[in-house]
């Protein structure tokens, strides 16, 4: 008898999805999403749900894609969508934990979306179960550990890449909550309510895993999505004479090719194009579902009425520049150290491209100066937990002024009026954030960026060579984040620390962290400070070397001046960590050109 192949599909909210139970089979690949993937998902949702003033607004539902599986014993076996489902589950876990940290008890509904009971079809008994479980070996029961929390999440050891990725995703989500809802539990609750009720997935259910695999193959092999720019394309063809259709078709393809190459959402590009080139109500901004209407209402302003081909050429110019920006290059395709730094710092951030599109015609020196200032401003915003909606609002507001900048003096005036003023207003918050910075308050990739910038600043000032201008030499896999006070110490190390009861609080502090070459880091392991000193002295990084001994060459040399504010330590105790945190905080003001308080 042939196998039945009845397919069911339903569009469901996240709230509906997590009324059921799911399992990722052991033959599926492990969790591979990186922090930037998680952050991009959260930021896209936040951009969709909130206006420019940071208020949650009503709007259309947000479609997140499909999941495919089959139902066995009351549990959906996931064949497609496990990355997305794991991330959504972590979003709920992190929301519960963040609310608890804020002193608010999570709702029973949220708790029920994490764990509940299902009926054993054989015995009729209730079985307590997590809404999502991972069956592949590399998972090491990480989701259960996060949900149950038998110990602090920070104490969980990442034994596999999958566990490491899941922990990094969890930390990315909690950092997102702190950045956007810090000490505002009611606002976080509203976000989660919107997240679970306005985001939709299509769940496709098949009779067996074999059928599910067939559906998965079909979706990924033959599925073709609608082009988000079709309406604008049609508008341009309506405004173009038929004789110019071949020319318009060729130019439109160039736009799409650039966006495909950059991996950017077409509608995001169009939003940023509008914000960069045309005045808008930056308090209200412009939503993705309003873009086509905006073009309809502004065909004359954009030049679509009189010269649709010319409008298309401007879009091509902006799209090609955008393609370069997202890979750390200037509009002309040349490597740009500051844009590459922003990639390392910003993760999924794209709002800076509004300013970059507006500045695409600046000469090379002016563009570099602007990019350096953008990097400093974005770091200031991130470290002081400025809502990312503020980035977009400010950058849209400033773009019209930036478009008119032509001379060096005009650029300096622009930066002083906008960037420096904004940073000065956050000066005290900047200092406080650096005093409190630790591995729990910032994603690991951003923390490595911070250590890399501090380290590079010393090297560049000491040696003055262009070879030290690129940050990626300090962020690649051959360089590790070293905990001077070790994370997994030998028993004697914890016992001899001057504040053993607060050991876990001190190991995560910025003052306890430094960059160290992988080969040296492996050799010094988890021993006491006096055993690590020889390894630190071997490091090529002056900031790391100076922990053990302050490097000196001659009298009043560039190296001596570069390290003059650094301190070496004979012992490593709580006072040493606090002192070094203070030193790094002072150094950070120089590294990111932080102005004094306004």
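The values are calculated or read from the model by the stated rules, or taken from the named source; none is laboratory data. As the structure is a computational prediction, the values presented were derived from the model and not from experiment. In this analysis, Cβ positions are derived from the backbone assuming ideal geometry, glycine residues included, and neighbour counts consider all displayed protein chains.
Below are the figures for this structure:
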item: Residue count for the stretch 435-453, restricted to those that are surrounded by fewer than 21 Cβ atoms within 10 Å (Cβ to Cβ) and more than 21 Å from residue 38 (Cβ to Cβ); result: 2
item: Filtered residues of the stretch 284-312 (kept if on the phi > 0 side of the Ramachandran plot and at pLDDT below 90); result: 285
item: The stretch 423-466, subset within 25 Å of residue 94 (Cα to Cα) and part of a loop (DSSP other than H, G, I, E, B), residue modelled with the highest pLDDT; result: 437
item: Selection within the stretch 180-203 - modelled with pLDDT under 90 and surrounded by 21 or more Cβ atoms within 10 Å (Cβ to Cβ); result: 180, 181
item: Selection within the stretch 326-340 - crowded, with 21+ Cβ neighbours inside 10 Å and either in a loop (DSSP other than H, G, I, E, B) or modelled with pLDDT under 95 (or both); result: 330, 331, 336
item: Hits in the stretch 488-510 (condition: surrounded by 17 or more Cβ atoms within 10 Å (Cβ to Cβ), assigned to a loop (DSSP other than H, G, I, E, B) and over 24 Å from the mean Cα position of the chain (by Cα)); result: 489, 497
item: Number of the condition not met by residue 364 [criteria: (1) closer than 26 Å to residue 445 by Cβ; (2) surrounded by fewer than 23 Cβ atoms within 10 Å (Cβ to Cβ)]; result: (1)
item: Filter result (out of contact with any strand residue (DSSP E or B) (no Cβ under 7 Å at 6 or more places or on another chain), surrounded by 13 or more Cβ atoms within 10 Å (Cβ to Cβ) and either modelled with pLDDT under 85 or outside any helix (DSSP H, G or I) (or both)) within the stretch 95-115; result: 102, 104, 106, 107
item: The lone exception for residue 478 - which of (1) closer than 20 Å to residue 375 by Cα; (2) in the same structural domain as residue 547 (by TED's automatic domain parsing) it fails; result: (1)
item: Residue 151 vs. criteria touching a helix residue (DSSP H, G or I) at 6+ places or on another chain (Cβ under 6 Å), at negative phi, outside any helix (DSSP H, G or I) and at pLDDT below 90; result: no
item: Condition met for residue 92 (within 24 Å of the chain's Cα centre (by Cα) and either crowded, with 17+ Cβ neighbours inside 10 Å or not assigned by TED's automatic domain parsing to the domain that holds residue 19 (or both)); result: yes
item: Residues satisfying the stated conditions in the stretch 64-78, i.e. in contact with a helix residue (DSSP H, G or I) (Cβ under 8 Å, 6 or more places away or on another chain) and under 26 Å from residue 198 (Cβ atoms); result: 64, 65, 66, 67, 68, 69, 78
item: So residue 48, is it touching a strand residue (DSSP E or B) at 6+ places or on another chain (Cβ under 8 Å) and over 30 Å from residue 138 (Cα atoms); result: yes
item: Condition check for residue 221: modelled with pLDDT under 85 and not in a loop (DSSP other than H, G, I, E, B); result: yes
item: Single condition residue 250 does not satisfy, out of (1) more than 27 Å from residue 402 (Cβ to Cβ); (2) in contact with a helix residue (DSSP H, G or I) (Cβ under 7 Å, 6 or more places away or on another chain); (3) at pLDDT 85 or above; result: (2)
item: Some residue of the stretch 279-289 being part of a helix (DSSP H, G or I), free of Cβ contacts under 8 Å to residues at least 40 places away in the same chain and out of contact with any strand residue (DSSP E or B) (no Cβ under 6 Å at 6 or more places or on another chain); result: no
item: Test result for residue 557, more than 23 Å from residue 430 (Cβ to Cβ) and touching a residue at least 12 places away in the same chain (Cβ under 8 Å); result: no
item: Some residue of the stretch 78-89 being modelled with pLDDT under 90, at positive phi and in contact with a strand residue (DSSP E or B) (Cβ under 9 Å, 6 or more places away or on another chain); result: yes
item: Qualifying position, being modelled with pLDDT under 95 and touching a helix residue (DSSP H, G or I) at 6+ places or on another chain (Cβ under 7 Å), among 534, 489, 500; result: 500
item: Failed item in (1) closer than 27 Å to residue 10 by Cα; (2) without any contact (Cβ under 8 Å) to a residue 60 or more places away in the chain, with residue 49 passing the rest; result: (2)
item: Selected residue (only one of 66, 123, 87 is assigned by TED's automatic domain parsing to the domain that holds residue 15, within 26 Å of the chain's Cα centre (by Cα) and not in a helix (DSSP H, G or I)); result: 66
